Amino acid sequence: MTEVTGQAVGGQPETAEVKPPPERLYGRQRGHPLRPRQERLLDETLPRLRFSLEKAGNPAAVFGQEPEQIWLEVGFGGGEHVLAQTQAHPQVGYIASEVFHNGLCSLLTKLVPVGQEATAPVPDRLRLWDDDARLVLKALPEASLDRLFLMFPDPWPKARHAKRRFMHPQNVALVARALKPGAVWRVASDDPTYQAWVGEVMAQQDWFDAPAPVTERPEGWFPTRYEAKAIAAGRQPLYWTFTRR
């Protein structure tokens, strides 16, 4: 694997001037109109899998079977990474966060058969969160997560939108609070602006060991549709592994 060093956008760091993150980081929650099957998935299946903030003080209790570890994925897109991780690590309690309805439906479609949206069994150790992931991070006890994923997040490429990026100094503090010592935070991005931004933000924090990213997907990381699109378009993804001190 090839390591690369992060460089600031335009040669100058921007993080010192970034505004506090807004009340929510995302825009609209729905793209094209949903089909009847998708509406049923949101109305009948999602509530049976939704993560309970009321039980977040004891996160192991939100799962049907008590997990060995608890992982959180922020912004799972179409859900292929969620499925791959949960299938490879069935002993893990997995909290998957995504606000966009089309992405939620993409994952839910793979979990229950047509016509059984309200009745088919759902995974015991998977819980979904359809609102801002920061609400989960704030509700969890300190040092309760064993791993966190931020895979190809929305880059919000314009400088004035930097405050909406999940990779934000205040959000790094939230992540650090929730992760156990020695826990891993995986980040991947194909956007050059966001890649530089990750380097800037992580260079100004003291919670994580933050080695340079690599240019090849490491072993144990699973592909996503966004990664495939990036590579097909000629963009170079970078992959970071940050370890909580």
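The values are calculated or read from the model by the stated rules, or taken from the named source; none is laboratory data. Predicted model, so just to flag it, every value in this text is computed and none were measured. Note that we place each Cβ from the backbone using ideal geometry, even for glycine, and neighbour counts take in every protein chain shown. Note: areas computed on protein heavy atoms with side chains; ligands, DNA, RNA excluded. Shrake-Rupley method; radii C 1.70, N 1.55, O 1.52, S 1.80 Å.
With the condition kept exactly as written, say whether any residue in the stretch 91-108 is open to solvent by 30 Å² or more (accessible area, probe 1.4 Å), modelled with pLDDT of 95 or more, out of contact with any Pro (no Cβ under 9 Å at 6 or more places or on another chain) and in a strand (DSSP E or B).
no
Given the conditions (1) in contact with a Leu (Cβ under 6 Å, 6 or more places away or on another chain); (2) within 24 Å of Arg35 (Cα to Cα); (3) of a type outside the set (Val, Ile, Thr); (4) open to solvent by 30 Å² or more (accessible area, probe 1.4 Å), and given that Asp131 satisfies all but one, which numbered condition is not satisfied?
With respect to (1) in contact with a Leu (Cβ under 6 Å, 6 or more places away or on another chain); (2) within 24 Å of Arg35 (Cα to Cα); (3) of a type outside the set (Val, Ile, Thr); (4) open to solvent by 30 Å² or more (accessible area, probe 1.4 Å), Asp131 is out only on (1).
How many residues are of a type in the set (Phe, Trp, Tyr), farther than 23 Å from Lys229 by Cα and open to solvent by less than 30 Å² (accessible area, probe 1.4 Å) when one looks only at the stretch 186-209?
1
Starting from the stretch 117-143, keep only residues that are farther than 19 Å from Cys105 by Cβ and touching a residue at least 40 places away in the same chain (Cβ under 8 Å), then list their pairs with residues that are of a type in the set (A, V, I, L, M) and in a helix (DSSP H, G or I) whose Cβ atoms are within a distance under 7 Å, requiring at least 6 positions of separation or different chains.
Listed by first residue and then by second, the contacts come to Arg134/Leu174; Leu135/Leu53; Leu137/Leu174; Leu137/Val175; Leu137/Ala178; Ala139/Leu53; Leu140/Ala178.
Residue by residue, here is whether (1) outside any loop (DSSP other than H, G, I, E, B); (2) closer than 23 Å to Trp221 by Cβ; (3) modelled with pLDDT under 95 holds:
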position: Pro123; (1), (2), (3): no, yes, no
position: Leu135; (1), (2), (3): yes, no, no
position: Asp146; (1), (2), (3): yes, yes, no
position: Phe149; (1), (2), (3): yes, yes, no
position: Trp156; (1), (2), (3): no, no, yes
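For residues that are buried (at least 16 other Cβ atoms within 10 Å of the Cβ) and out of contact with any strand residue (DSSP E or B) (no Cβ under 7 Å at 6 or more places or on another chain), tally how many sit in the stretch 168-185.
6
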